[in-house]
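The values are calculated or read from the model by the stated rules, or taken from the named source; none is laboratory data. The structure displayed is predicted, hence computed values, not measured ones. Ideal geometry is used to build each Cβ from the backbone, glycine not excepted, and the neighbour counts take in all protein chains shown.
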């Protein structure tokens, strides 16, 4: 099957996940992603290279599990940009590429001599994509970030937690994942523009601004209704005020750290749940209508929680499902990855072949195309694994020349 992006070549400096995640998706759909790494520091600009988790007792620069997951289907070359010959080779590769992508701190590529203006002199229609914490302009430009910092500065961390407790955040590095998605979309948009106009451009992505765009509901609530994000009882990460439903939340079952989500959309759902609970206090007319249940929601939740805590998660899920009450067990990652037949049928965690680790399972993509679908077969390239292929087949150097580049410390 022909892949959708098989005509695309990316000269890739990305790392971790905020950048590497973007080019990972493009590689899955067939783009030739050539990962540029420094032979002097063994590619350790990406701190995931050679770091845990590991598939077995072996350790080494090519055995990092997270690095492999984020760089499947990419080719790996080494190139020392401290040398003039290294810069020449990069210039030649850029001239044969469609995209140059990176997620360094702002200004790094300029200091290397490969900022956007320099790139356009190499290839006029090049698409240059930079993904930094605060973008390439503004007073925060010099600052460096990481996923949790982005989330804190953007306002996301402030928006999550339990009542009367400190902010909990949106997971450790939520914006590393989401930043990669934004970057991937931006690359595709620039490619479409170039197809229509023949012109490349600089795509400047500020990950913190991308995160701020996710605070829209809180901004709207304040702008339109004058309600601050943090107020009495808010936020409550186990409870949802919208749409108006009651009960509507996540409740603990009888086993430690097992939960079930429940939503009574209307009086019919509530009547079914009340009949299951069979608690006399819940038959008070104050709970008959939605307005009353919302007004007395704290009391209502106490009764619902007390009942749910007597049940096994799966048994309760089946009981409410049989009654047509909207609910879902809160699954652990292990349950979703290893024990869910629908996930397995979707192929969301395919197995790839890594040249040193062997057969390793990795993240797939949550989308399928009927004619040009993605597939993942090859693990991440080991350090310099594709030097012969890229310098030979693409740039036209013979084996003797490539060996001399290595002897000279160029690759």
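Results, tabulated for the structure shown:
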{"item": "The range 106-135, residues that are out of contact with any helix residue (DSSP H, G or I) (no Cβ under 9 Å at 6 or more places or on another chain), surrounded by 15 or more Cβ atoms within 10 Å (Cβ to Cβ) and either in contact (Cβ under 8 Å) with a residue 24 or more places away in the chain or not assigned by TED's automatic domain parsing to the domain that holds residue 175 (or both)", "result": "106, 120"}
{"item": "Unmet criterion (only one of (1) assigned to a helix (DSSP H, G or I); (2) at pLDDT 95 or above; (3) farther than 28 Å from residue 374 by Cβ) for residue 93", "result": "(3)"}
{"item": "Helices (runs of 4 or more DSSP H) wholly inside the range 106-225 containing at least 3 residues that are modelled with pLDDT of 95 or more and closer than 21 Å to residue 36 by Cα", "result": "108-112, 116-122, 174-197"}
{"item": "Of residues in the range 372-411 being free of Cβ contacts under 8 Å to residues at least 12 places away in the same chain and not in a helix (DSSP H, G or I), the one surrounded by the most Cβ atoms within 10 Å (Cβ to Cβ)", "result": "397"}
{"item": "Residue match in the range 264-285 (condition: within 30 Å of residue 335 (Cβ to Cβ), surrounded by 14 or more Cβ atoms within 10 Å (Cβ to Cβ), in contact (Cβ under 8 Å) with a residue 60 or more places away in the chain and assigned by TED's automatic domain parsing to the domain that holds residue 308)", "result": "yes"}
{"item": "Test: residue in the range 351-361 that is in contact with a strand residue (DSSP E or B) (Cβ under 9 Å, 6 or more places away or on another chain) and closer than 22 Å to residue 83 by Cβ", "result": "no"}
